[in-house]
Amino acid sequence: MATDETNTSDAHAVPLAPLPDHRNVNTPWWQELWCRHAHITTPLRARGLPCDVEFGLSTYIVRVSLPDDSYLIIGPPQESSSERPAGDPEGWIATREHPDDQTLFEVLYDSAPSDDPGAPQRPEARHGGSAQPLIEVIDHRLAQLGLLPHPVLPHESPHVHPAQTTPPPQAREVPHPRAVPPFTSTATRCAL
């Protein structure tokens, strides 16, 4: 597997948080998922936040561990009616939760389109599936809470890359985690 990389063009680059440590990290289907979510995971890992890609209730999500043992869940709406590929949703929802404190549930960002035509439009909805505003809101809130191990300075790039909207050559559909992966070749490499 490729080693973690930092942006060598940025003299002030910090090392990325480590990759998750589980059996799926070396599987082609998980690496494909990781690549499809790199525009979310890479800027957060650059801030020292460990990330993983998991299957949520009905779609893949990014789980981000925070220094106070709480975590972020970043993903599309769980009951999505869209058939968009993993990592390229119509909108993002980011929540902060704590495994031991059920009263801690905070919606940091919600740019998912509303299903209710009578509901007031959320300010984030205009950003849709764009990662840049999502990362900016997460930065702002985690900075307020003192939970950014390596904050990005104003003159530094937040390292947000656009979502991969079309699969790379030889990439295949990402299977459900309980399915046997149909991959026989190595998944497209990204900054693992």
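When the residues of the stretch 134-166 are filtered to those that are open to solvent by 40 Å² or more (accessible area, probe 1.4 Å), part of a loop (DSSP other than H, G, I, E, B) and among the small types (Gly, Ala, Ser), the one that is modelled with the highest pLDDT is Gly146.
Within the stretch 117-133, restricting attention to residues that are within 18 Å of Gln78 (Cα to Cα) and part of a helix (DSSP H, G or I), the residue that is least open to solvent (accessible area, probe 1.4 Å) is Ala131.
The values are calculated or read from the model by the stated rules, or taken from the named source; none is laboratory data. Remember, it's a predicted structure, so these values are computed and weren't measured experimentally. Calculation scope for accessible area: heavy atoms of the full protein, side chains included, ligands and nucleic acids excluded. Shrake-Rupley method; radii C 1.70, N 1.55, O 1.52, S 1.80 Å.
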